[in-house]
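Asks: I'd like to ask you about the structure that follows.
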Amino acid sequence: MTPDEFRAAAHELVDWIADRRADVESRPVRPNVVPGEISAQLPTTPPAVPVDAREVLSDLDGIVAPGVTEVQHPMHFGWFPSNASLSSVLGDFASSGLGSLGISWESSPALTEVEEVVVDWLRQLTGLDAGWHGVIQDTASSACLVAMLAARERATDHLQTTTGLGGLDQPLCVYTTSEAHSSVRKAALLAGFGADFIRLIDVDPTTRDMRADALAAAIAADRAADRRPTIVVASAGSTGTTAFDPIDEIVAVSAPQGVWVHVDAAMAGSALVLPEMRHLFDGLEGADSLSWNPHKWFGTILDCSLMYLRDPDHLIRVMSTNPSYLRSTAGGEATQYRDWGIPLGRRFRALKLWYQLRIDGIEAIRTRLRRDLDNAQWLAEQFRLLPEWEVVAPVRLQTVCVRHRPDGLDGDDLDTHTLDWVRRVNTSGSAFLSPSMLDDRWMVRVSVGVESTERRHLERLLELLSTATSPRS
Ligand SMILES: *Cc1c(COP(=O)(O)O)cnc(C)c1O
(Lines give C-alpha, C1' and ligand atoms only; values in the text may rest on other atoms or scores of the structure.)
Protein backbone atom coordinates (compact mmCIF):
# COMPACT_ATOMS: atom_id res chain seq x y z
CA MET A 1 0.00 0.00 0.00
CA THR A 2 1.41 3.38 -0.94
CA PRO A 3 1.06 6.45 1.26
CA ASP A 4 -1.53 7.84 -1.17
CA GLU A 5 -3.58 4.66 -1.15
CA PHE A 6 -3.29 4.69 2.63
CA ARG A 7 -4.51 8.27 2.78
CA ALA A 8 -7.68 7.48 0.84
CA ALA A 9 -8.48 4.28 2.75
CA ALA A 10 -7.71 5.85 6.12
CA HIS A 11 -10.07 8.76 5.49
CA GLU A 12 -12.87 6.30 4.82
CA LEU A 13 -12.00 4.28 7.89
CA VAL A 14 -11.95 7.37 10.10
CA ASP A 15 -15.35 8.47 8.79
CA TRP A 16 -16.69 5.01 9.49
CA ILE A 17 -15.33 5.07 13.06
CA ALA A 18 -16.75 8.52 13.75
CA ASP A 19 -20.17 7.53 12.38
CA ARG A 20 -20.25 4.39 14.49
CA ARG A 21 -19.36 6.29 17.62
CA ALA A 22 -21.96 8.94 16.87
CA ASP A 23 -24.77 6.42 16.57
CA VAL A 24 -23.62 3.84 19.12
CA GLU A 25 -26.88 4.23 21.01
CA SER A 26 -28.93 2.98 18.08
CA ARG A 27 -27.36 -0.48 18.24
CA PRO A 28 -27.87 -3.31 20.74
CA VAL A 29 -25.35 -3.31 23.59
CA ARG A 30 -24.64 -6.97 23.12
CA PRO A 31 -24.52 -8.65 19.74
CA ASN A 32 -27.15 -11.24 19.16
CA VAL A 33 -24.73 -13.98 18.10
CA VAL A 34 -23.98 -17.55 19.10
CA PRO A 35 -20.45 -18.98 19.36
CA GLY A 36 -19.05 -19.71 15.92
CA GLU A 37 -21.45 -17.40 14.10
CA ILE A 38 -18.84 -14.79 13.24
CA SER A 39 -16.04 -17.14 12.26
CA ALA A 40 -18.50 -19.02 10.03
CA GLN A 41 -18.82 -15.90 7.87
CA LEU A 42 -15.09 -15.76 7.21
CA PRO A 43 -13.19 -17.86 4.69
CA THR A 44 -11.37 -20.77 6.28
CA THR A 45 -8.37 -20.40 3.99
CA PRO A 46 -6.06 -17.37 3.76
CA PRO A 47 -6.91 -14.70 1.16
CA ALA A 48 -5.50 -15.78 -2.20
CA VAL A 49 -5.95 -12.52 -4.09
CA PRO A 50 -5.60 -8.96 -2.83
CA VAL A 51 -8.75 -6.84 -2.62
CA ASP A 52 -9.44 -3.15 -2.39
CA ALA A 53 -9.44 -1.57 1.11
CA ARG A 54 -13.07 -0.67 0.54
CA GLU A 55 -13.98 -4.34 0.37
CA VAL A 56 -12.24 -4.96 3.70
CA LEU A 57 -14.08 -2.02 5.24
CA SER A 58 -17.32 -3.45 3.94
CA ASP A 59 -16.64 -6.76 5.70
CA LEU A 60 -15.56 -4.90 8.83
CA ASP A 61 -18.93 -3.21 8.76
CA GLY A 62 -20.99 -6.22 7.79
CA ILE A 63 -19.32 -9.13 9.58
CA VAL A 64 -16.97 -7.92 12.29
CA ALA A 65 -18.64 -4.87 13.82
CA PRO A 66 -21.98 -6.63 14.41
CA GLY A 67 -20.07 -9.15 16.52
CA VAL A 68 -18.67 -6.58 18.91
CA THR A 69 -20.10 -5.97 22.39
CA GLU A 70 -20.60 -2.22 22.45
CA VAL A 71 -18.76 -1.27 25.62
CA GLN A 72 -18.89 2.39 24.54
CA HIS A 73 -22.71 2.17 24.62
CA PRO A 74 -24.31 4.36 27.32
CA MET A 75 -26.38 1.35 28.47
CA HIS A 76 -23.32 -0.79 29.03
CA PHE A 77 -23.03 -1.42 32.78
CA GLY A 78 -21.07 -4.66 32.64
CA TRP A 79 -17.66 -5.48 34.12
CA PHE A 80 -16.07 -2.02 34.38
CA PRO A 81 -16.01 1.07 32.15
CA SER A 82 -13.66 0.38 29.27
CA ASN A 83 -13.72 3.86 27.87
CA ALA A 84 -11.92 4.67 24.65
CA SER A 85 -12.01 8.43 24.41
CA LEU A 86 -11.66 9.53 20.82
CA SER A 87 -8.79 11.82 21.76
CA SER A 88 -6.84 8.76 22.95
CA VAL A 89 -7.81 6.91 19.78
CA LEU A 90 -6.02 9.67 17.88
CA GLY A 91 -2.93 9.00 19.96
CA ASP A 92 -3.26 5.31 19.16
CA PHE A 93 -3.45 6.14 15.43
CA ALA A 94 -0.39 8.33 15.81
CA SER A 95 1.48 5.51 17.50
CA SER A 96 0.58 3.11 14.71
CA GLY A 97 1.34 5.65 12.02
CA LEU A 98 4.74 6.50 13.39
CA GLY A 99 5.53 2.82 13.34
CA SER A 100 8.27 3.19 15.92
CA LEU A 101 10.14 0.35 17.47
CA GLY A 102 10.60 0.60 21.20
CA ILE A 103 13.32 -1.83 22.21
CA SER A 104 15.79 0.65 23.65
CA TRP A 105 16.13 4.38 24.11
CA GLU A 106 18.07 4.55 20.86
CA SER A 107 15.50 2.68 18.81
CA SER A 108 13.13 5.60 19.41
CA PRO A 109 14.34 8.26 21.84
CA ALA A 110 11.03 10.12 21.73
CA LEU A 111 9.08 6.98 22.61
CA THR A 112 11.00 6.67 25.87
CA GLU A 113 11.12 10.34 26.72
CA VAL A 114 7.47 11.14 26.02
CA GLU A 115 6.56 8.15 28.18
CA GLU A 116 8.74 9.44 31.02
CA VAL A 117 7.14 12.85 30.85
CA VAL A 118 3.57 11.62 30.54
CA VAL A 119 3.79 9.10 33.39
CA ASP A 120 5.21 11.91 35.51
CA TRP A 121 2.28 14.18 34.54
CA LEU A 122 -0.04 11.42 35.73
CA ARG A 123 2.00 11.05 38.91
CA GLN A 124 1.39 14.72 39.64
CA LEU A 125 -2.28 14.57 38.69
CA THR A 126 -2.82 11.62 41.04
CA GLY A 127 -1.10 13.36 43.95
CA LEU A 128 1.84 10.94 44.22
CA ASP A 129 5.09 12.36 45.55
CA ALA A 130 8.21 12.75 43.42
CA GLY A 131 9.75 9.58 44.83
CA TRP A 132 7.58 7.44 42.54
CA HIS A 133 8.88 6.43 39.10
CA GLY A 134 6.50 5.23 36.45
CA VAL A 135 6.25 3.06 33.36
CA ILE A 136 3.38 2.06 31.09
CA GLN A 137 2.69 -1.68 31.14
CA ASP A 138 0.19 -3.36 28.85
CA THR A 139 -2.19 -4.43 31.63
CA ALA A 140 -2.58 -4.52 35.39
CA SER A 141 -2.11 -8.29 35.19
CA SER A 142 1.40 -7.78 33.84
CA ALA A 143 2.11 -5.09 36.41
CA CYS A 144 1.11 -7.50 39.18
CA LEU A 145 3.38 -10.22 37.78
CA VAL A 146 6.25 -7.74 37.56
CA ALA A 147 5.65 -6.73 41.20
CA MET A 148 5.61 -10.39 42.27
CA LEU A 149 8.92 -11.05 40.51
CA ALA A 150 10.53 -7.95 41.98
CA ALA A 151 9.31 -8.88 45.47
CA ARG A 152 10.52 -12.46 45.07
CA GLU A 153 14.00 -11.31 44.13
CA ARG A 154 14.11 -8.78 46.95
CA ALA A 155 13.10 -11.45 49.47
CA THR A 156 15.70 -13.89 48.14
CA ASP A 157 18.50 -11.40 47.53
CA HIS A 158 18.48 -12.11 43.79
CA LEU A 159 18.56 -15.89 43.91
CA GLN A 160 17.66 -15.82 40.20
CA THR A 161 21.31 -15.12 39.45
CA THR A 162 22.38 -18.42 41.01
CA THR A 163 20.15 -21.29 42.07
CA GLY A 164 16.74 -19.69 41.60
CA LEU A 165 13.96 -20.98 43.80
CA GLY A 166 15.60 -24.42 43.85
CA GLY A 167 18.16 -23.05 46.26
CA LEU A 168 15.62 -21.80 48.74
CA ASP A 169 14.97 -23.64 51.97
CA GLN A 170 11.96 -21.56 53.00
CA PRO A 171 8.73 -21.19 51.03
CA LEU A 172 7.79 -17.63 50.00
CA CYS A 173 4.31 -16.42 50.97
CA VAL A 174 1.87 -14.07 49.22
CA TYR A 175 -0.97 -12.29 51.04
CA THR A 176 -4.17 -11.01 49.49
CA THR A 177 -7.91 -11.56 49.96
CA SER A 178 -10.69 -13.55 48.35
CA GLU A 179 -11.81 -10.27 46.76
CA ALA A 180 -8.58 -9.80 44.80
CA HIS A 181 -8.71 -9.97 41.03
CA SER A 182 -7.99 -13.36 39.46
CA SER A 183 -4.82 -11.90 37.95
CA VAL A 184 -3.27 -11.75 41.44
CA ARG A 185 -3.48 -15.50 41.92
CA LYS A 186 -2.30 -16.06 38.37
CA ALA A 187 0.71 -13.80 38.90
CA ALA A 188 1.59 -15.57 42.15
CA LEU A 189 1.48 -18.96 40.45
CA LEU A 190 3.52 -17.77 37.47
CA ALA A 191 6.11 -16.17 39.74
CA GLY A 192 6.67 -19.53 41.41
CA PHE A 193 5.03 -18.93 44.78
CA GLY A 194 2.81 -22.01 44.68
CA ALA A 195 -0.89 -22.19 45.49
CA ASP A 196 -0.17 -23.59 48.97
CA PHE A 197 1.52 -20.34 49.95
CA ILE A 198 -1.12 -17.88 48.75
CA ARG A 199 -2.82 -16.63 51.91
CA LEU A 200 -6.35 -15.26 51.59
CA ILE A 201 -6.62 -12.89 54.52
CA ASP A 202 -9.98 -12.37 56.23
CA VAL A 203 -12.06 -9.41 55.15
CA ASP A 204 -14.49 -7.18 56.98
CA PRO A 205 -17.92 -8.78 56.37
CA THR A 206 -19.56 -5.51 55.33
CA THR A 207 -16.92 -3.63 53.37
CA ARG A 208 -14.87 -6.69 52.30
CA ASP A 209 -11.70 -4.74 52.98
CA MET A 210 -8.71 -6.77 54.20
CA ARG A 211 -8.39 -6.92 57.97
CA ALA A 212 -4.91 -5.73 58.86
CA ASP A 213 -4.96 -7.56 62.20
CA ALA A 214 -5.60 -10.81 60.34
CA LEU A 215 -2.74 -9.97 57.98
CA ALA A 216 -0.41 -9.36 60.92
CA ALA A 217 -1.41 -12.70 62.42
CA ALA A 218 -0.87 -14.56 59.14
CA ILE A 219 2.57 -13.01 58.64
CA ALA A 220 3.53 -13.88 62.23
CA ALA A 221 2.31 -17.46 61.80
CA ASP A 222 4.34 -17.90 58.62
CA ARG A 223 7.46 -16.48 60.26
CA ALA A 224 7.00 -18.79 63.25
CA ALA A 225 6.79 -21.75 60.84
CA ASP A 226 10.03 -20.68 59.13
CA ARG A 227 8.36 -19.40 55.96
CA ARG A 228 9.22 -16.12 54.28
CA PRO A 229 6.45 -13.48 53.97
CA THR A 230 7.24 -11.82 50.65
CA ILE A 231 4.44 -9.69 49.20
CA VAL A 232 1.01 -8.33 50.04
CA VAL A 233 -1.24 -7.40 47.16
CA ALA A 234 -3.74 -4.83 48.41
CA SER A 235 -6.84 -4.26 46.30
CA ALA A 236 -7.69 -0.59 46.08
CA GLY A 237 -11.10 -0.99 44.54
CA SER A 238 -11.78 -4.71 44.15
CA THR A 239 -13.45 -5.94 41.01
CA GLY A 240 -16.53 -7.44 42.63
CA THR A 241 -17.66 -4.82 45.14
CA THR A 242 -15.01 -2.04 45.06
CA ALA A 243 -13.52 -3.06 48.41
CA PHE A 244 -10.57 -0.94 49.54
CA ASP A 245 -7.96 -2.76 51.59
CA PRO A 246 -6.57 -0.35 54.22
CA ILE A 247 -3.20 0.50 52.67
CA ASP A 248 -1.95 2.52 55.65
CA GLU A 249 -2.54 -0.37 58.07
CA ILE A 250 -1.17 -2.91 55.60
CA VAL A 251 2.00 -0.88 55.15
CA ALA A 252 2.35 -0.52 58.92
CA VAL A 253 2.25 -4.31 59.27
CA SER A 254 4.35 -5.17 56.21
CA ALA A 255 7.07 -2.56 55.77
CA PRO A 256 8.90 -3.20 59.07
CA GLN A 257 9.07 -6.88 58.08
CA GLY A 258 10.46 -6.14 54.64
CA VAL A 259 7.30 -7.45 52.97
CA TRP A 260 6.63 -5.84 49.58
CA VAL A 261 3.31 -4.01 49.25
CA HIS A 262 1.78 -3.88 45.77
CA VAL A 263 -1.40 -1.86 45.37
CA ASP A 264 -3.72 -3.11 42.64
CA ALA A 265 -5.86 -0.08 41.82
CA ALA A 266 -6.54 -1.18 38.24
CA MET A 267 -10.09 0.10 38.11
CA ALA A 268 -10.31 2.58 40.98
CA GLY A 269 -6.97 4.32 40.43
CA SER A 270 -8.74 6.75 38.10
CA ALA A 271 -10.30 8.23 41.25
CA LEU A 272 -6.84 9.35 42.38
CA VAL A 273 -7.18 12.34 40.05
CA LEU A 274 -9.99 13.53 42.36
CA PRO A 275 -8.37 14.98 45.49
CA GLU A 276 -11.57 14.38 47.49
CA MET A 277 -11.36 10.62 46.82
CA ARG A 278 -7.71 10.13 47.78
CA HIS A 279 -8.64 9.25 51.35
CA LEU A 280 -9.59 5.81 50.03
CA PHE A 281 -5.91 5.26 49.24
CA ASP A 282 -4.45 6.53 52.52
CA GLY A 283 -1.01 5.09 53.11
CA LEU A 284 -0.20 4.68 49.44
CA GLU A 285 3.07 6.54 49.86
CA GLY A 286 4.37 3.66 51.96
CA ALA A 287 3.78 0.99 49.30
CA ASP A 288 6.48 -0.42 47.02
CA SER A 289 4.47 -0.50 43.81
CA LEU A 290 1.14 0.64 42.44
CA SER A 291 -0.68 0.01 39.22
CA TRP A 292 -3.81 1.49 37.76
CA ASN A 293 -5.40 1.39 34.35
CA PRO A 294 -6.10 4.60 32.47
CA HIS A 295 -7.64 2.12 30.02
CA LYS A 296 -10.66 1.67 32.24
CA TRP A 297 -12.71 4.46 33.75
CA PHE A 298 -10.21 7.24 32.97
CA GLY A 299 -10.87 6.78 29.27
CA THR A 300 -7.61 5.89 27.54
CA ILE A 301 -8.08 3.22 24.92
CA LEU A 302 -6.70 -0.24 25.78
CA ASP A 303 -3.94 -0.97 26.50
CA CYS A 304 -2.50 1.46 28.99
CA SER A 305 -1.69 0.42 32.54
CA LEU A 306 0.44 2.71 34.66
CA MET A 307 2.85 1.16 37.11
CA TYR A 308 4.75 3.22 39.68
CA LEU A 309 7.66 1.98 41.75
CA ARG A 310 9.54 3.34 44.70
CA ASP A 311 12.80 1.66 43.72
CA PRO A 312 13.04 1.20 39.96
CA ASP A 313 16.74 0.33 40.27
CA HIS A 314 15.79 -2.86 42.06
CA LEU A 315 13.33 -3.74 39.30
CA ILE A 316 15.91 -3.01 36.61
CA ARG A 317 18.33 -5.38 38.32
CA VAL A 318 15.66 -8.10 38.22
CA MET A 319 14.59 -7.49 34.62
CA SER A 320 17.77 -6.42 32.84
CA THR A 321 19.25 -8.81 30.33
CA ASN A 322 21.33 -6.38 28.35
CA PRO A 323 22.68 -8.45 25.44
CA SER A 324 25.44 -6.71 23.53
CA TYR A 325 23.34 -5.76 20.49
CA LEU A 326 20.98 -3.81 22.73
CA ARG A 327 23.71 -2.06 24.64
CA SER A 328 23.19 1.63 24.29
CA THR A 329 25.86 4.20 23.76
CA ALA A 330 23.76 6.32 26.06
CA GLY A 331 23.77 3.45 28.57
CA GLY A 332 23.53 4.52 32.16
CA GLU A 333 21.95 7.82 31.24
CA ALA A 334 18.88 7.04 29.21
CA THR A 335 15.92 5.09 30.55
CA GLN A 336 15.63 1.61 29.02
CA TYR A 337 12.02 0.67 29.57
CA ARG A 338 12.65 -2.91 28.43
CA ASP A 339 14.21 -3.37 31.87
CA TRP A 340 11.04 -2.26 33.65
CA GLY A 341 8.92 -5.22 32.58
CA ILE A 342 8.72 -8.38 30.54
CA PRO A 343 8.38 -7.49 26.82
CA LEU A 344 11.32 -6.21 24.87
CA GLY A 345 9.46 -4.37 22.10
CA ARG A 346 6.95 -1.74 23.11
CA ARG A 347 4.44 0.46 21.32
CA PHE A 348 4.40 4.21 21.64
CA ARG A 349 1.58 3.99 24.19
CA ALA A 350 2.39 7.30 25.81
CA LEU A 351 0.86 9.08 22.81
CA LYS A 352 -2.60 7.93 23.87
CA LEU A 353 -2.26 9.70 27.19
CA TRP A 354 -0.51 12.65 25.60
CA TYR A 355 -3.35 13.21 23.17
CA GLN A 356 -6.07 12.61 25.72
CA LEU A 357 -4.65 14.90 28.39
CA ARG A 358 -3.95 17.67 25.93
CA ILE A 359 -7.20 17.54 23.98
CA ASP A 360 -9.77 16.59 26.62
CA GLY A 361 -7.95 18.18 29.52
CA ILE A 362 -7.85 16.88 33.07
CA GLU A 363 -10.67 19.13 34.30
CA ALA A 364 -13.15 17.65 31.84
CA ILE A 365 -12.05 14.16 32.84
CA ARG A 366 -12.49 15.04 36.52
CA THR A 367 -15.94 16.44 35.82
CA ARG A 368 -16.93 13.23 34.06
CA LEU A 369 -15.66 11.02 36.91
CA ARG A 370 -17.56 13.17 39.43
CA ARG A 371 -20.70 12.88 37.30
CA ASP A 372 -20.34 9.09 37.47
CA LEU A 373 -19.84 9.12 41.25
CA ASP A 374 -22.99 11.22 41.61
CA ASN A 375 -24.89 8.97 39.24
CA ALA A 376 -23.89 5.84 41.17
CA GLN A 377 -25.02 7.40 44.47
CA TRP A 378 -28.28 8.49 42.86
CA LEU A 379 -28.87 5.01 41.45
CA ALA A 380 -28.15 3.36 44.79
CA GLU A 381 -30.64 5.72 46.41
CA GLN A 382 -33.33 4.74 43.88
CA PHE A 383 -32.76 1.06 44.61
CA ARG A 384 -32.98 1.71 48.35
CA LEU A 385 -36.32 3.45 47.87
CA LEU A 386 -37.75 0.69 45.70
CA PRO A 387 -39.53 -2.19 47.38
CA GLU A 388 -37.91 -5.60 46.83
CA TRP A 389 -34.49 -4.20 45.85
CA GLU A 390 -31.38 -4.37 48.05
CA VAL A 391 -28.04 -2.64 47.64
CA VAL A 392 -25.77 -5.43 48.87
CA ALA A 393 -22.39 -3.66 49.17
CA PRO A 394 -21.23 -0.16 50.08
CA VAL A 395 -21.06 2.12 47.02
CA ARG A 396 -17.48 3.33 47.29
CA LEU A 397 -17.17 4.63 43.74
CA GLN A 398 -19.23 3.96 40.62
CA THR A 399 -20.35 0.35 41.05
CA VAL A 400 -23.72 -0.47 42.57
CA CYS A 401 -24.27 -4.11 43.60
CA VAL A 402 -27.91 -5.15 43.86
CA ARG A 403 -30.33 -8.00 44.36
CA HIS A 404 -34.01 -8.11 43.58
CA ARG A 405 -35.69 -10.10 46.32
CA PRO A 406 -39.45 -10.48 45.92
CA ASP A 407 -41.30 -11.58 49.05
CA GLY A 408 -40.00 -14.75 50.59
CA LEU A 409 -37.52 -15.59 47.87
CA ASP A 410 -34.30 -17.06 49.21
CA GLY A 411 -31.56 -19.59 48.63
CA ASP A 412 -31.39 -21.33 45.27
CA ASP A 413 -34.72 -19.83 44.21
CA LEU A 414 -33.30 -16.37 44.68
CA ASP A 415 -30.26 -17.34 42.58
CA THR A 416 -32.50 -18.66 39.82
CA HIS A 417 -34.54 -15.46 39.88
CA THR A 418 -31.41 -13.25 39.77
CA LEU A 419 -29.85 -15.11 36.87
CA ASP A 420 -33.16 -15.15 35.08
CA TRP A 421 -33.81 -11.42 35.16
CA VAL A 422 -30.25 -10.45 34.35
CA ARG A 423 -30.25 -12.83 31.39
CA ARG A 424 -33.48 -11.28 30.18
CA VAL A 425 -31.97 -7.79 30.31
CA ASN A 426 -28.72 -8.85 28.68
CA THR A 427 -30.24 -10.83 25.83
CA SER A 428 -32.62 -7.97 25.04
CA GLY A 429 -29.65 -5.90 23.93
CA SER A 430 -31.13 -2.88 25.72
CA ALA A 431 -28.59 -2.90 28.54
CA PHE A 432 -25.79 -5.06 29.79
CA LEU A 433 -25.00 -5.95 33.43
CA SER A 434 -22.65 -8.48 35.04
CA PRO A 435 -23.89 -11.03 37.54
CA SER A 436 -21.35 -11.85 40.23
CA MET A 437 -21.13 -13.95 43.40
CA LEU A 438 -21.32 -12.44 46.86
CA ASP A 439 -21.44 -14.68 49.93
CA ASP A 440 -22.07 -17.66 47.64
CA ARG A 441 -25.19 -16.06 46.19
CA TRP A 442 -25.65 -14.28 42.87
CA MET A 443 -26.02 -10.53 42.79
CA VAL A 444 -25.76 -8.07 39.90
CA ARG A 445 -23.18 -5.35 39.48
CA VAL A 446 -24.22 -2.12 37.82
CA SER A 447 -20.94 -0.54 36.82
CA VAL A 448 -21.62 3.09 35.94
CA GLY A 449 -19.00 5.08 34.08
CA VAL A 450 -19.14 4.75 30.30
CA GLU A 451 -18.20 8.13 28.84
CA SER A 452 -21.62 8.50 27.19
CA THR A 453 -23.75 7.38 30.17
CA GLU A 454 -25.93 10.16 31.56
CA ARG A 455 -28.60 10.22 34.26
CA ARG A 456 -31.33 9.53 31.69
CA HIS A 457 -29.68 6.21 30.86
CA LEU A 458 -29.92 5.19 34.50
CA GLU A 459 -33.57 6.15 34.53
CA ARG A 460 -34.05 3.96 31.48
CA LEU A 461 -32.17 1.13 33.21
CA LEU A 462 -34.52 1.31 36.19
CA GLU A 463 -37.49 0.96 33.84
CA LEU A 464 -35.91 -2.04 32.14
CA LEU A 465 -35.19 -3.69 35.47
CA SER A 466 -38.71 -3.10 36.64
CA THR A 467 -40.03 -4.90 33.57
CA ALA A 468 -37.47 -7.70 33.72
CA THR A 469 -38.22 -8.49 37.37
CA SER A 470 -41.99 -8.26 37.24
CA PRO A 471 -43.83 -11.59 37.29
CA ARG A 472 -44.58 -12.66 33.74
CA SER A 473 -48.21 -13.06 32.80
C1 LIG B 1 -9.54 -4.95 35.67
C2 LIG B 1 -8.76 -5.31 36.87
C3 LIG B 1 -7.58 -6.06 36.76
C4 LIG B 1 -7.08 -6.59 35.45
O5 LIG B 1 -6.72 -5.58 34.59
P6 LIG B 1 -5.99 -5.90 33.20
O7 LIG B 1 -5.38 -4.60 32.85
O8 LIG B 1 -7.06 -6.34 32.27
O9 LIG B 1 -4.99 -6.96 33.46
C10 LIG B 1 -6.86 -6.31 37.90
N11 LIG B 1 -7.28 -5.86 39.10
C12 LIG B 1 -8.40 -5.15 39.24
C13 LIG B 1 -8.81 -4.67 40.61
C14 LIG B 1 -9.19 -4.85 38.13
O15 LIG B 1 -10.30 -4.11 38.27
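The values are calculated or read from the model by the stated rules, or taken from the named source; none is laboratory data. Computed from a predicted structure; not experimentally measured. We place every Cβ from the backbone using ideal geometry, glycine too, and count neighbours over all the protein chains shown.
Asks: Which one of the conditions (1) surrounded by 16 or more Cβ atoms within 10 Å (Cβ to Cβ); (2) part of a helix (DSSP H, G or I); (3) free of Cβ contacts under 8 Å to residues at least 60 places away in the same chain does Val402 fail to meet, given that it meets all the rest?
Replies: (2)
Asks: Scanning segment 33-56 for residues that are in a loop (DSSP other than H, G, I, E, B) and touching a helix residue (DSSP H, G or I) at 6+ places or on another chain (Cβ under 8 Å), which turns out farthest from Leu461 (Cα to Cα)?
Replies: Applying the filter and picking the extreme gives Leu42.
Asks: For segment 1-23, which positions are more than 18 Å from Ser58 (Cα to Cα) and in a helix (DSSP H, G or I)?
Replies: Within segment 1-23, Pro3, Asp4, Ala22 qualify.
Asks: Filter segment 359-370 for residues that are in contact (Cβ under 8 Å) with a residue 60 or more places away in the chain and charged (D, E, K, R) and give the result.
Replies: Correct list: Asp360, Arg366, Arg368, Arg370.
Asks: A further question on this structure: Which members of segment 81-134 meet the condition of being under 17 Å from Trp297 (Cβ atoms) and either at pLDDT below 95 or not in a loop (DSSP other than H, G, I, E, B) (or both)?
Replies: Residues satisfying the conditions are Leu86, Ser87, Ser88, Val89, Leu122, Leu125.
Asks: Condition first: away from the ligand (no atom under 12 Å from the Cβ), in a helix (DSSP H, G or I) and either surrounded by 15 or more Cβ atoms within 10 Å (Cβ to Cβ) or not hydrophobic (A, V, I, L, M, F, W, C) (or both). Can you find one or more residues in segment 168-185 that meet it?
Replies: Scanning segment 168-185 turns up no residue that is away from the ligand (no atom under 12 Å from the Cβ), in a helix (DSSP H, G or I) and either surrounded by 15 or more Cβ atoms within 10 Å (Cβ to Cβ) or not hydrophobic (A, V, I, L, M, F, W, C) (or both).
Asks: Which of the numbered conditions does Val422 fail, given that it passes all the others? Conditions: (1) within 30 Å of Ala84 (Cβ to Cβ); (2) in a helix (DSSP H, G or I); (3) touching a His at 6+ places or on another chain (Cβ under 8 Å).
Replies: (3)
Asks: Quick one: in segment 46-103, of everything that is over 16 Å from His295 (Cα atoms) and among the charged types (D, E, K, R), which residue is farthest from the ligand (Cβ to nearest atom)?
Replies: Ranking the qualifying residues of segment 46-103, first place goes to Asp52.
Asks: Taking segment 202-252, which residues are touching a strand residue (DSSP E or B) at 6+ places or on another chain (Cβ under 8 Å) and at positive phi?
Replies: Gly237, Thr242
Asks: Does Phe432 meet the test of being surrounded by 14 or more Cβ atoms within 10 Å (Cβ to Cβ), under 19 Å from Val448 (Cα atoms) and without any contact (Cβ under 8 Å) to a residue 24 or more places away in the chain?
Replies: Criteria not met by Phe432.
Asks: Search segment 220-241 for residues being within 16 Å of the ligand (Cβ to nearest atom) and part of a strand (DSSP E or B), and hand back the single one that is farthest from the chain's Cα centre (by Cα).
Replies: Of all residues in segment 220-241, those within 16 Å of the ligand (Cβ to nearest atom) come to 231-241.
Subsequent filtering for residues that are part of a strand (DSSP E or B) retains 231-236.
Values: Ile231: 20, Val232: 19, Val233: 15, Ala234: 15, Ser235: 12, Ala236: 12 Å.
Residue satisfying both the conditions and the ranking: Ile231.
Asks: Follow-up. Any residue in segment 56-82 that is of a type in the set (Asp, Glu) sitting within a Cβ distance under 9 Å of a residue that is at pLDDT below 95 and surrounded by 19 or more Cβ atoms within 10 Å (Cβ to Cβ)? List the pairs, counting only those 6 or more apart or interchain.
Replies: Close Cβ pairs (under 9 Å, with a partner that is at pLDDT below 95 and surrounded by 19 or more Cβ atoms within 10 Å (Cβ to Cβ)) amount to Glu70/Arg30.
Asks: For Ala150, are the conditions met, namely being at pLDDT 95 or above, in contact with a helix residue (DSSP H, G or I) (Cβ under 9 Å, 6 or more places away or on another chain) and of a type in the set (A, V, I, L, M)? I'd like the intermediate steps shown before the answer.
Replies: Details: at pLDDT 95 or above: yes; in contact with a helix residue (DSSP H, G or I) (Cβ under 9 Å, 6 or more places away or on another chain): yes; of a type in the set (A, V, I, L, M): yes.
So Ala150 fits the description; yes.
Asks: Restricting to segment 427-473, name every residue that is in contact with an Asp or Glu (Cβ under 8 Å, 6 or more places away or on another chain) and farther than 22 Å from Gln72 by Cβ.
Replies: Our first condition is that a residue be in contact with an Asp or Glu (Cβ under 8 Å, 6 or more places away or on another chain); within segment 427-473, this holds for 441-442, 448-449, 452-453, 469.
Result: Arg441, Trp442, Thr469.
Asks: I need a count of the residues in segment 444-457 that are of a type outside the set (S, T, N, Q) and either in contact with a Leu (Cβ under 8 Å, 6 or more places away or on another chain) or buried (at least 24 other Cβ atoms within 10 Å of the Cβ) (or both).
Replies: So the count comes out to 6.
Asks: I want to confirm something. Restricting to segment 250-274 and keeping residues that are more than 17 Å from Leu309 (Cα to Cα), touching a Lys or Arg at 6+ places or on another chain (Cβ under 9 Å) and surrounded by fewer than 24 Cβ atoms within 10 Å (Cβ to Cβ), which single residue is modelled with the lowest pLDDT?
Replies: The qualifying residue modelled with the lowest pLDDT is Gln257.
Asks: Quick check: is even one residue across segment 148-155 acidic (Asp, Glu) and touching a Gly at 6+ places or on another chain (Cβ under 9 Å)?
Replies: No, every residue in segment 148-155 fails to be acidic (Asp, Glu) and touching a Gly at 6+ places or on another chain (Cβ under 9 Å).
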